Amino acid sequence: MESGVGSNLNERHGVFKDESWFSQFRNGSNPWMARYVYALIFLVSNLLAWAVRDYGHNAFPEMEKLKNCHGGRGCLGAGGVLRVSLGCFAFYFVMFVSTAGTPRLYNCRDSWHSGWWSAKIGLWIALTVTSFLLPSFMIQIYGEIAHFGAGVFLLVQLVSVISFITWLNDCCQLDKNAERCHIHVMLLATAAYVICIVGIIMMYIWYAPEPSCLLNISFITWTLVLLQLMTSVSLHPKVNAGFLTPGLMGLYVVFICWCAIRSEPAGENCNRKAEASNKTDWLTIISFVVALLAMVIATFSTGIDSQCFQFRKKETPAEDALPYGYGFFHFVFATGAMYFAMLLIGWNTHHTIKKWTIDVGWTSTWVRIVNEWLAICVYHALMMINRLNYDQKDC
C-alpha cells in the first residue's frame, strides 16, 4: 500500500514539474510560488491599513454608519489600522494553526498551504471585514496584545539576521573555503567597519549638532561602545569569530540606532533631518514607500528561515521534505501583522500620526533603542551556541 501511494505521489510530482507556472499556482503544487502570494496579501493589508489611516475620513464615509465606529473615529485613524491588522493577523493565525507540523509534501495540508486560493482570499476578506464590525473595546485589547506580538516579531527577526551572519562566517572559515574567501572576507569586513564609522560620524553631525543634545549623543556613543565590545569579544581566543561577524553586526546595530533617532518627532532641536518631515514632499513619500516595502521583505525573508531555530545537527533532507516550515512561515506573518500596525501608529494606540510617515514618536524611538541593546545580547548568546556546535554543523 505504501509503495503504491509513494508511486502516485512521484507521478503527481513529475506531472506538476512539467506544468506551467500558472497551472502550478492553480493546482497548488508549488510552495515556493505560494510564499509570494502570501507576501502579496500581506502587502495589500499594509496598503489598506495606510489608506484607512491617512485617507479613511474621505474615502470611507460609510464607516460612520457602523454602530461600533462612534462616528467613524473608531474605524479610522489608529483604530482603523488596528482593525486591518487584526483581520490580517487572524488570517495568518488560521493558516498557522492549519499548517503547523505539516510532515511532508503532497498531503492535504501541503495542498491547503499551496492552493485553494479562492477560499483563502475569501477568508482573508471576510476576516478583514469582520474586524470592522467588532466593538472598539475589543480593538483596544488587540492593540495592547499587538505590542507583545510585534516584540516577538522583532526577536524572531533578530535571531534570523544574526544566524545568517554567523552562518556566513562559518562558511568562510571552513578549510575548503578558507584560502578562497580570505581576501573577500577582509574586504567585506573592512568595508563594514568603514561604513559603521562613517555612519556614526554622520549621526553626530546630523542628530547631535549641539552639546545640549545629550540623549542623541548618548544613543550614538553607546552604539560606538557596543561596536567595540562586539569586536573585542569576537577576537577573544576562546571565541575566535574573526572580524566579519562583528563588522556585519555593527552595520545592523548602526542601522537600528539611525532608525531610532529618525523616529524622534519632527520639530526636535537636535534632529535637523526631521525638519524636512514637516511638509510632505517626494522624498517623504519615497521614504515611506521604501520603509513599507522593507517591512514586507523583512517579514518574507524571516518567514522562510525556520532553520535558524534548529540548533541540532542538520540531516540530509528527504525527497519529499518541505522547502520551508509552513507553520513558522505563517507565524512570522501573523506577528508581522501586529508589527506593521505598531509602525503605522507609532507604537501608541492613542497617537496621532502625520500622513506619509511611519514609525514616528518617542515610543518608537525607545523601542528601537531597546531592540538595539537586545540585538547585542542575542548576538553574543547565539555566537556562543554557534561556537559550541561548530564541529557538528555543515555549511
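Candidates in region 182-217 are the residues that are free of Cβ contacts under 8 Å to residues at least 24 places away in the same chain and farther than 30 Å from ASN169 by Cβ; of these, the one that is surrounded by the most Cβ atoms within 10 Å (Cβ to Cβ) is ILE217.
Scanning for something assigned to a loop (DSSP other than H, G, I, E, B), under 26 Å from ILE41 (Cα atoms) and modelled with pLDDT of 65 or more, does region 293-305 turn up at least one residue? Scanning region 293-305 turns up at least one residue that is assigned to a loop (DSSP other than H, G, I, E, B), under 26 Å from ILE41 (Cα atoms) and modelled with pLDDT of 65 or more.
The values are calculated or read from the model by the stated rules, or taken from the named source; none is laboratory data. If you're wondering where the values come from, they're calculated on a predicted model, not measured in any experiment. Note that we place each Cβ from the backbone using ideal geometry, even for glycine, and neighbour counts take in every protein chain shown.
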